[in-house]
Every structure is written in structure tokens, then in C-alpha cells.
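A.B. asks: Right, I'll just put the structure down here and ask away after.
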Amino acid sequence: MTAPAKQPKPGWTSRAFALRVRSRSRTLDFVFDGIDGFRRHRTGRHAALLAHYGFLSIFPLLLVLTTILGFVLQGDPGLRNRIINSALANIPIIGQTLRVNPADLHGNVVVLVVGLGGSLWAGTKTFVFAQIAINDIWEIPEHQRPSIAASRIRALLAIAVVGVAQIGTAIVTGIIGVSGVSWLNRILLALSAVVINVAVVAGSYRALTARHLTRRQLLPGAVGTGISFAVLQVFGATVVLHAITNAAPVYGTFASVIGLITWMSLHSMVALLGVEANAALDRRPHQTSTLTTS
């Protein structure tokens, strides 16, 4: 006979004093339920693995960008000098090569194909694991989840949508940081970045979840995640770029790696916390009746 699967032990949020507090305050009940869900669903571990695969997809993209720059800069020293003096000189790995020995940048079709393939593989793994994490949070049974082929098709679609959206929000947030833009225009651009983020996050939540979710089940977490992403894009990018720019060449490489890992970890954690918030809000009617009867 097979041993029954081990059930997670009840946490401190299910003890008598916590249950009394939760029965008196709907807000605290929501917070406690979210904390308990974070523990039961191992959301911290899922966020770390998402950041890992996201980090792996970045370096092949840098390789692709380096190769494309090599094709573009061949035989055009004027364009090379303009790029060296632009923001591209601050990009990790590429920037140092541009400043020290720009002749090392040259186009290579094999490198371009390998870089695109590696980035696509890591990106697909990222979104496949995102489906596992989101379905775990919603506690969807294994037999109701998509097959291996279906989950990878969903992952490829998510890569396309999120990639295009990130390019759009990066352009918008980049314009916000340009000097000479009025405060009114900056506010409007920031709001448009938030709207784009919320729409993409809500669409991703719906596409990556193996059950139908209503707008009421999607929007609370999507709005919070979209606003958090916009804040990270505006302020986080500025802080990381400042740290990398002011670091020595050797320390700058370490700062780049640490900055990218931190960047991915924050985005992964915020995205999964948004799902946890949606799931906790969806459980509230049942949870409230259980607490009342107990």
C-alpha cells in the first residue's frame, strides 16, 4: 500500500488566538490567510525559481544584443562613437566592450541563433514554472492542469505578449526620466505605464491559470502588481543603473549580476504575491463562515 501524502502542518495563523483576531477583523483575516497561503503554497520557493530562470534568459539576450550591435556597427565608426556616448554604454558586459575595445564587437549568425535559442528556452521554462506556481496557489488539482505541450504553448504566447508590453513600458518609463519633460506629461506617462502593466498582468494571470477566472478574481492582485511593477521600472532601474555606472569595472560586473538577480527576484515575488492576494480574497466568504461557526 502506498503511504498517504503528507498534509502541511497548520501554521500559527490557525491557532486559537489568531482565529479570535481573524474573526474580529476582516482585514486581519485577509492578511493572516494570505500569510498562511504563502507558507502552504511555498510561494517564496516558487519566486526564487522563477527569478533563476528569468536570470538565465537575460544573458542569452545580452549575447543577441552584442551580435546585433556587431552587425550594425561594421564599417560605421561615427555610429559607434554615438553609441559609446549613449545609454547603451551602461549596459552590463556590452558597455565595457564598447568603451575598452569596440572592435571586438562583430556579427555572427551562429552566435545570434544560439543566443535566441537559449533565451527562448529559459523564457519558456520561466513561464511553464509560473503556471505551476499559479496553479499551486489556486490549489488546482493535477488532473485539471494543462498537458506538457499545452503548457509550453501558453508559455510561448505569454513570452510574446509580455515581451512586447515590456518594450512599451520601458520606452514610456525611459521618456519619464528624460530631462525637459513637464511634470504633467510625466504623470500621464506614468499612469499609462501602470495601465499597460495592469492589463498585461491580468491577461497573464488568466492565461497561465488552469481555471476560468472572473474579473473580480483577477483585478485586485493585477492592479497591485501593475502599480508595483511601474514603481520598480521607474525607481529600481535608476538605482541599479546608478550603482553599476559608479562601480569600478571589476565590481561593476558583480553589481550587474547582483542587480539582475535582485531585479528578477522582486518581480517574481510581487507577481506571485498578487496571485496570493487574489486567491485569499476568493477564499474569504468560505473562510469567514468557517471562522464564525468555529
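The values are calculated or read from the model by the stated rules, or taken from the named source; none is laboratory data. All of these numbers come straight from a predicted model, not from anything done at the bench. Note that we place each Cβ from the backbone using ideal geometry, even for glycine, and neighbour counts take in every protein chain shown.
A.B. asks: Which residues, taken from region 203-216, are surrounded by fewer than 22 Cβ atoms within 10 Å (Cβ to Cβ), in a helix (DSSP H, G or I) and either under 20 Å from the mean Cα position of the chain (by Cα) or among the hydrophobic types (A, V, I, L, M, F, W, C) (or both)?
C.D. replies: Hits for region 203-216 are GLY203, ARG206, ALA207.
A.B. asks: Tell me which residues, restricted to region 120-157, are of a type in the set (Ser, Thr, Tyr) and either crowded, with 19+ Cβ neighbours inside 10 Å or closer than 19 Å to GLY54 by Cα (or both).
C.D. replies: If the condition is that a residue be of a type in the set (Ser, Thr, Tyr) and either crowded, with 19+ Cβ neighbours inside 10 Å or closer than 19 Å to GLY54 by Cα (or both), then THR124, THR126, SER151 are the ones that fit.
A.B. asks: Still on this model: What is the number of the single condition among (1) farther than 25 Å from ILE258 by Cα; (2) basic (Lys, Arg); (3) at pLDDT 75 or above that ARG80 does not meet?
C.D. replies: Here ARG80 meets the rest and fails (3).
A.B. asks: Now a separate question. Identify all residues within region 36-67 that are touching a helix residue (DSSP H, G or I) at 6+ places or on another chain (Cβ under 7 Å), of a type outside the set (Gly, Ala, Ser) and under 28 Å from ASN108 (Cβ atoms); write none if there are none.
C.D. replies: The answer is TYR53, PHE55, LEU56, ILE58, PRO60, LEU61, LEU62, LEU63, VAL64, LEU65, THR66, THR67.
A.B. asks: I'm trying to understand the selection: among the residues of region 31-56, which are within 30 Å of LEU112 (Cβ to Cβ) and either over 13 Å from the mean Cα position of the chain (by Cα) or surrounded by fewer than 21 Cβ atoms within 10 Å (Cβ to Cβ) (or both)?
C.D. replies: Let us first name the residues in region 31-56 that are within 30 Å of LEU112 (Cβ to Cβ), namely 49-56.
Residues satisfying the conditions are LEU49, HIS52, TYR53, PHE55, LEU56.
A.B. asks: Hey, another quick one. Checking GLY117 against (1) part of a helix (DSSP H, G or I); (2) surrounded by fewer than 20 Cβ atoms within 10 Å (Cβ to Cβ); (3) small (Gly, Ala, Ser); (4) at pLDDT below 90, which single condition isn't satisfied?
C.D. replies: (4)
A.B. asks: Residues in region 164-171: is at least one of a type in the set (Ser, Thr, Tyr), assigned to a helix (DSSP H, G or I) and either at positive phi or at pLDDT 75 or above (or both)?
C.D. replies: Checked against the condition, which is being of a type in the set (Ser, Thr, Tyr), assigned to a helix (DSSP H, G or I) and either at positive phi or at pLDDT 75 or above (or both), region 164-171 yields no hits at all.
A.B. asks: Please determine whether any residue of region 226-235 is surrounded by fewer than 20 Cβ atoms within 10 Å (Cβ to Cβ), assigned to a helix (DSSP H, G or I) and modelled with pLDDT of 90 or more.
C.D. replies: Yes, region 226-235 has at least one match.
A.B. asks: Take ARG26 and decide whether it is at pLDDT 80 or above, among the basic types (Lys, Arg) and over 25 Å from ILE132 (Cβ atoms).
C.D. replies: yes
A.B. asks: Take region 120-147 and flag every residue that is over 21 Å from LEU56 (Cα atoms), free of Cβ contacts under 8 Å to residues at least 40 places away in the same chain and part of a helix (DSSP H, G or I).
C.D. replies: GLU142, HIS143
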